[in-house]
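Written out below as structure tokens is the structure these notes cover.
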Amino acid sequence: MLKKTLITGFTAVSALALVACGAEAETEDAMTDDTMVAEEAAAPGTIPEVASGDETFSTLVAAVTAANLGETLSGEGPFTVFAPTNDAFGKLPEGTVETLTTTDTDTLTSILTYHVVEGAVDAATLTAAIEEAGEAGYTITTVGGGTLTATLVDGAVVLTDATGGTATVTATNVEASNGLIHVIDTVLMPG
């Protein structure tokens, strides 16, 4: 009788262990699936997708759409975008944004591509390049063919455009799947 009880107990324990192993494997599979879904959901989108997800850039997103640059900025890249906020566009003379997005899209395209640089240039790399360049500043060539001069002013990166206007970088290293976004407080002009 004792032998039968031990065998029955052993069988029950073995069965529970096998069920537990199977449940553990299912749990691990489910966790792997959930982790993969979470990682895919957490992975940043392209530069236009990231900008579209932030109301601060609604004017920029509308401008990119009007200039038909969404597909280009969704490309493989990598790109670094100095992204003006809605407040930055608000500093332009009244009616400028409307004119650019409706009747002067060639100028709009030139302005927007002036804010884009090839490669993913993070804040640390940019700051190091500015420090190495010295007081004259670091020259950045944009995908539009123009240049910006980057300097450090009171610890902040300041970009000077072709017209002598300046924009301060207010946030850095916003990640996208195809590059980085640095937020700026003024729209830069190519000349």
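No lab work stands behind these numbers, since they all come straight from the coordinates. No experiment lies behind these values; they were computed from the predicted model shown. Heads up, the Cβs are rebuilt from the backbone with ideal geometry, glycines too, and the neighbour counts pull from every protein chain shown.
Annotations
- Order by protection proxy (mean Cβ within 10 Å, highest first), peptides 102-108, 55-61: 55-61, 102-108
- Couplings 3J(HN,Hα) of the range 89-103, computed from phi: 5, x, 6, 5, x, 3, x, 4, 4, 4, 4, 5, 7, 10, 10 Hz, in residue order, whole Hz [Karplus 6.51 cos²θ - 1.76 cosθ + 1.60, θ = phi - 60°; x for Gly and Pro].
- Backbone geometry of the range 60-66 corresponds, through the Karplus equation with coefficients 6.51, -1.76 and 1.60 at θ = phi - 60°, to 3J(HN,Hα) couplings of 4, 4, 4, 5, 4, 5, 4 Hz, x marking Gly and Pro.
- For the range 108-152, relative contact order (Cα pairs under 8 Å, six or more residues apart, normalised by length) works out to 41 percent.
- Amide H partners (placed H, <5 Å) of I184, local residues excluded: A83, T85, T170
- Here the Karplus relation 6.51 cos²θ - 1.76 cosθ + 1.60, evaluated at θ = phi - 60°, turns the backbone of the range 149-163 into coupling constants of 10, 9, 9, 9, 10, 6, x, 9, 7, 10, 9, 10, 8, 5, 8 Hz, with x for every Gly and Pro.
- Each label point was placed 7 Å from the Cα along the Cα-to-Cβ direction; for E135 and E98 their separation is 4.6 nm.
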